[in-house]
Each structure stands twice: as C-alpha cells, then as structure tokens.
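First comes the structure, then the notes that go with it.
The values are calculated or read from the model by the stated rules, or taken from the named source; none is laboratory data. Treat the numbers as computed from the prediction; the structure is a model and nothing was measured.
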Amino acid sequence: MDISGELSMIVQANSLHAVRTTMAQAAQAAEAAPPTPAAQSDVILQLSTAAQQLLHGSGTASHPAP
C-alpha cells in the first residue's frame, strides 16, 4: 500500500472513531436525561454534526460552538 492509501485509511479510522465517540456520548446523555424535546434535539444535533464531519473528513466530533 502506498503512503496516500495508508494516510487515507488513518483518516477514515479517525473519523469512524470520532463518530463512535459522539454516538456513545449521545447514548449516555440520553440515558442520564429524561426524554424531553430539548434533550432529543441535542442528541439529533450531535449525531448530525458527527455525520457531517465524517462526510467532510475532518476526523473530529466536537460539538460546534453556537
């Protein structure tokens, strides 16, 4: 495998790890908080942000500052 192929695999692995981390955090938040509309919208926002970052290849899953 060439260097660009290896780098691509590393970026994909980091992106997948970031999405998994975000999903785990969202699941923990959902268990800790009662299912209110605000809590549900926050989980949806977190998952949407993670999906967008995965598509753009940023490799991070931090919640954007308002």
Filtering region 1-21 down to residues that are in a helix (DSSP H, G or I) and among the charged types (D, E, K, R) yields GLU6, ARG20
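Here's the yes/no breakdown for (1) assigned to a helix (DSSP H, G or I); (2) at pLDDT below 85; (3) of a type in the set (D, E, K, R):
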residue: MET23; (1), (2), (3): yes, yes, no
residue: ALA30; (1), (2), (3): yes, yes, no
residue: SER48; (1), (2), (3): yes, no, no
residue: PRO64; (1), (2), (3): no, yes, no
